[in-house]
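What follows is a set of notes on a single structure, which appears directly below.
The values are calculated or read from the model by the stated rules, or taken from the named source; none is laboratory data. Note that the structure is a prediction, hence the values are computed from the model and not measured. FYI the Cβ positions are ideal-geometry reconstructions off the backbone, even for glycines, and counts take in every protein chain you see.
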């Protein structure tokens, strides 16, 4: 912890460093070595790219709501966050009738007069004449606006210290930021880096990088940006005192997942909830792994089973059941956006859905599965997965879908400008697109055949330079005559050491079963959105690769962990936890799963007019089937691979549907449903109530619930017994214990 | 995030005033509340009348009688009640109401197709990606209003009569801000809002019994999730029960409460007319934002036989729109109800080989009425052929900046989209000062 005196020392040193780029040994907690160049700062020729642009960024001149806007601001436009220094140089030096800079009389330069508010400036006063930034800009103008050398080093990496800190209560921490250049030199850029708190309710950060925690418990990070680099400093803010080891005695780790989660709890002073009861666990596994409710008999059997390893046995059994493949085929269909839209490709989507499901049944290694999609050529009849390219029509779609679906990266920003929160530049984006450049173009509608052109290049949209294929952060490839560049892409994508691929699917799978991804949202993995437990994500990915991309192994690793079986009921020692799995996080059932759950609880299957052969919602091959229910409850339209397309958020229409809809009432009053049998006069009311609880909540009623329900039903005389049962089942279906997995 | 159910004093007065009809007392009560210092913006409502497909501005509001025959079309013009301004002969009723309207004759954007056009017309944003593969990419106007201002007088912040018109959803604002859709056919005697009341087989006593049982059996803890969904579910359920049991809300959606003369006045068989009547009932009771698909006998999209289509459509349009505006005025609602009238674009001034007109987003007419907009203004002028703005071009974003401004919403505020990019409510638009 630094006191205010020390932090002002750092600030002062930071300024000196900025001006001269020379070394200083600061009193930061973890010292960082800084390159030495003991020359008179005033004589150093400044570089526009490395000295001036960062200041413009720091002052906010090139932000998206000022001159960085696509059309600029009041006739003056800069590239967003300075991603295009050549453009910015021209804008400042050559445009605006040359008045923006005035080397003869630097203080009369429009850019200084405006920024200091000496002349009216819509953006207000951004700097004062006595500031370091002013002196720097002035000096650059005085030097005749050097543009910098072509061979000058560029930024490659940002280092922020401390990278991680655990603090107790309200406290302060000065951050230090060092940029590493391509020539190996470094520079302290604390004063010109930009800082953003990801959760201002947990901590705030000043423009100078002084962090102040608010005293609220939680984990968050400060995003640090400088030129094209990003980094984070992670903070854990504790309010609880360390827990004695005995608090963890009841938690017996079963595998490495448990070990790594437990290590995190110790660090954060969190104590897990108790283990979930058998009935709760069974319902959870059925819903998460198969999208299905257990039958009353399955609940009874599981609860009665005395085998000590019955949970593991259950998981092994469940992962072999047909419904398991149905659920995942549907989810993967969302991810690969198997969609009809307004095309006439219904049959193609059915074939694609079958191909996905069959791949899961065979437990096709995930790397092979993805390769077969990305590199597909030939005729659709032989390769139903070709349908993936139907919606990946443009090169932009292909880049963004590949990145988001298989790498967990959202790169759409880099279509037009460098990604502001990730080291993905516009050039990276279009070089990635170059892998697809030789595909014969396909037009909107159905893709019946995919083949390659001999030629085909991608031009950089800004520089118009011809681009060679290059993976994110990886090597470039030359086009080889007769060779499909996508093979190189697939090779990199599915390589054991790909930094994104295995982690992306592990995180996605984790998010599915545990409710919150280690990186959250699950498909927004980037340096500035770090995982809550990086060691765990790394370990999962390593284990997954070591097991040859075996999805079923990954499922078992997660489902058989002790933490998956924790109760969802929070305790005083973990109520604030939202990222470290100290309890199971409840969530509403997925739209298709919920509709099927209502059908199975009432015993009345759902009919789909336009898909008469489909008996369960989860078996629908695409997004198209007409269904009020699925529309209201937020099914994925499959227009993007984003996980966010399926909504689990409630809204008014959902609640109204459950309370009032004719469709639900028809299921309750149907002559073919479960109530017809249960309403028979020879049935014992207590047994009927138990059956309804088992069908919906997957547990027996508590004694007070049983008594209440019996009283309710028996106060009604036949034929009203039937309506009383309808009302009870209606009540159960409307209860959150039914609507949520918990 | 979760809309408040608080019935404000003003909302109560508005709701309560209904039972006195649209007479003097209503107006007295309203002006009293206005005088009580509540801001005008807070009180406003919006009705969007969308002529999907694109009506022909040159045959309706921006007539060019002196243009060559291949432009000017078949219809004659008639005097309006603004001296020197003439409109289509098929709009005699609206012609006499021009002194209430702000007629924007130079609205433009650059979306040539229906999908892209509706996207920009419903959201203020051109789609960045192909809409066929990527769908809606920005929140609709109503979703923003719902998010910013929430419920009012026990009614959802954004209501779509029947179904949302297209690109009317919430995008990255979350489905809590999707429109509340009524479904059903307002012309039908049995018109009923979907799921607003208990299913027919469930009588009120039974419904009450169910509700009481739900209170007892629904015991899952509210803190068992991390996303707030459990708590939100409870809140929406409370609101749903309010809707289902509030006589005022049930009455707001109940078109059968209107007498035969009123229903006739809006065109008893006109889906658009009866939808507008429902919209009027809703804003009268405090609804903030209501959309109505304003379709008549023929699609507005008249690539062939433009004049037949418009000859069939315009009389219905004239009849129903004038009825709505007149009714709003009589009831003292027009001053705080902004009505936005137009399509996703207009139609080509030059007539094509099939006597049709094609899509024309470059210069078309949108009309704003009421809700704080100046009356009797004709803003912007097109060139002699009606093809391009000659004076005062008005971007579609200007129109929506005006709307948000009137509602007291800071249209420069940013929301983060899926890529975490801050996206302003309106980009590159400014309120139209001439009509404020």
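Would you pick out the residues in region A:590-637 that are more than 11 Å from chain B (Cβ to nearest Cβ), assigned to a loop (DSSP other than H, G, I, E, B) and in contact (Cβ under 8 Å) with a residue 60 or more places away in the chain? Matches in region A:590-637: A:590, A:603, A:604, A:616, A:620, A:621, A:622, A:624. Taken together, the residues in region B:199-209 that are over 36 Å from the mean Cα position of the chain (by Cα) and more than 16 Å from residue A:666 (Cβ to Cβ) amount to 2. In region B:227-268, the qualifying residues are those that are in contact with a strand residue (DSSP E or B) (Cβ under 8 Å, 6 or more places away or on another chain) and more than 9 Å from chain A (Cβ to nearest Cβ), and the one that is farthest from residue B:294 (Cα to Cα) is B:249.
To keep it simple, each residue is scored yes or no on (1) assigned to a loop (DSSP other than H, G, I, E, B); (2) surrounded by fewer than 14 Cβ atoms within 10 Å (Cβ to Cβ); (3) in the same structural domain as residue A:184 (by TED's automatic domain parsing).
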{"residue": "A:107", "(1), (2), (3)": "no, no, no"}
{"residue": "A:111", "(1), (2), (3)": "no, no, no"}
{"residue": "A:117", "(1), (2), (3)": "yes, no, no"}
{"residue": "A:121", "(1), (2), (3)": "yes, no, no"}
{"residue": "A:128", "(1), (2), (3)": "yes, yes, no"}
{"residue": "A:135", "(1), (2), (3)": "no, no, no"}
{"residue": "A:140", "(1), (2), (3)": "no, no, no"}
{"residue": "A:153", "(1), (2), (3)": "yes, no, yes"}
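Quick one: count up the residues across region B:174-193 that are on the phi < 0 side of the Ramachandran plot and either at pLDDT below 90 or crowded, with 20+ Cβ neighbours inside 10 Å (or both). Qualifying residue count for the region: 10.
Residues checked against (1) under 24 Å from residue A:242 (Cα atoms); (2) under 19 Å from the mean Cα position of the chain (by Cα):
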| position | (1), (2) |
| --- | --- |
| A:505 | no, yes |
| A:509 | no, yes |
| A:512 | no, yes |
| A:515 | no, yes |
| A:532 | yes, yes |
| A:566 | yes, no |
| A:578 | yes, yes |
| A:592 | no, no |
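When the residues of region A:218-246 are filtered to those that are in contact with a strand residue (DSSP E or B) (Cβ under 8 Å, 6 or more places away or on another chain) and in a loop (DSSP other than H, G, I, E, B), which remaining residue is farthest from residue A:428 (Cα to Cα)? Applying the filter and picking the extreme gives A:239.
Just give me the residues in region A:718-732 being more than 10 Å from chain B (Cβ to nearest Cβ) and within 27 Å of residue A:586 (Cβ to Cβ), in sequence order. Across region A:718-732, the qualifying residue is only A:729. Residues that are in a loop (DSSP other than H, G, I, E, B), within 29 Å of the chain's Cα centre (by Cα), at pLDDT below 90 and farther than 16 Å from residue A:53 by Cβ: does region A:156-167 have at least one? No, that holds for no residue. Summed over region A:435-477, residues that are at pLDDT 90 or above, assigned to a loop (DSSP other than H, G, I, E, B) and under 28 Å from residue A:495 (Cα atoms) total 10.
For region A:543-575, filtering for residues that are within 14 Å of chain B (Cβ to nearest Cβ) and buried (at least 17 other Cβ atoms within 10 Å of the Cβ) leaves 7. For region B:201-227, residues that are part of a loop (DSSP other than H, G, I, E, B) and either within 28 Å of residue A:515 (Cα to Cα) or in the same structural domain as residue B:273 (by TED's automatic domain parsing) (or both) total 6. Here residue B:265 passes the criteria (1) in contact (Cβ under 8 Å) with a residue 40 or more places away in the chain; (2) surrounded by fewer than 19 Cβ atoms within 10 Å (Cβ to Cβ) except the one numbered (2).
Counting residues that are more than 19 Å from residue A:228 (Cβ to Cβ) and modelled with pLDDT of 90 or more, which strands (runs of 3 or more DSSP E) fully inside region A:170-217 reach at least 3? Give the steps one after another, and end with the answer.
Numbers: elements: A:172-174, A:176-181, A:186-188, A:194-197, A:203-205, A:210-213.
Counting at least 3 such residues, we get A:172-174, A:203-205, A:210-213.
Evaluated against (1) outside any helix (DSSP H, G or I); (2) in contact (Cβ under 8 Å) with a residue 60 or more places away in the chain, residue B:387 falls short on exactly one condition, (2). Each residue in region A:646-676 was checked for being closer than 12 Å to residue A:726 by Cα, more than 7 Å from chain B (Cβ to nearest Cβ) and assigned to a helix (DSSP H, G or I), and 7 of them qualify. Pick from region A:375-390 the residues that are without any contact (Cβ under 8 Å) to a residue 60 or more places away in the chain and not in a loop (DSSP other than H, G, I, E, B): which of them is farthest from the other protein chains (Cβ to nearest Cβ)? Result: A:384.
Select, from A:737, A:714, A:663, the only residue that is in contact with a helix residue (DSSP H, G or I) (Cβ under 9 Å, 6 or more places away or on another chain) and within 25 Å of residue B:196 (Cβ to Cβ).
Every option except A:663 fails the conditions.
Any idea how many residues of region B:203-222 are surrounded by 15 or more Cβ atoms within 10 Å (Cβ to Cβ) and at the interface with another protein chain (Cβ under 7 Å from one of its Cβ atoms)? Selection size over region B:203-222: 8.
Would you check if there is a residue in region A:404-411 being in a helix (DSSP H, G or I), surrounded by fewer than 21 Cβ atoms within 10 Å (Cβ to Cβ), within 14 Å of chain B (Cβ to nearest Cβ) and on the phi < 0 side of the Ramachandran plot? No, every residue in region A:404-411 fails to be in a helix (DSSP H, G or I), surrounded by fewer than 21 Cβ atoms within 10 Å (Cβ to Cβ), within 14 Å of chain B (Cβ to nearest Cβ) and on the phi < 0 side of the Ramachandran plot.
Looking only at region A:326-342, residues that are under 17 Å from residue A:373 (Cα atoms) and not in a helix (DSSP H, G or I) come to 4 in all.
When you look at residue A:343, is it within 30 Å of residue A:544 (Cβ to Cβ) and not assigned by TED's automatic domain parsing to the domain that holds residue A:487, yes or no? Judged against the criteria, residue A:343 is not a match. Screening residue B:124 with (1) away from chain A (no Cβ under 14 Å); (2) surrounded by fewer than 22 Cβ atoms within 10 Å (Cβ to Cβ); (3) out of contact with any strand residue (DSSP E or B) (no Cβ under 8 Å at 6 or more places or on another chain) gives one miss only, at (2).
Taking the conditions exactly as written (crowded, with 20+ Cβ neighbours inside 10 Å, more than 24 Å from residue B:174 (Cα to Cα) and within 14 Å of chain A (Cβ to nearest Cβ)), does residue B:429 satisfy them or not? In short, yes. The residues of region B:170-193 that are within 8 Å of chain A (Cβ to nearest Cβ) and either closer than 15 Å to residue B:279 by Cβ or part of a loop (DSSP other than H, G, I, E, B) (or both), listed by number, are B:174, B:178, B:180, B:181.
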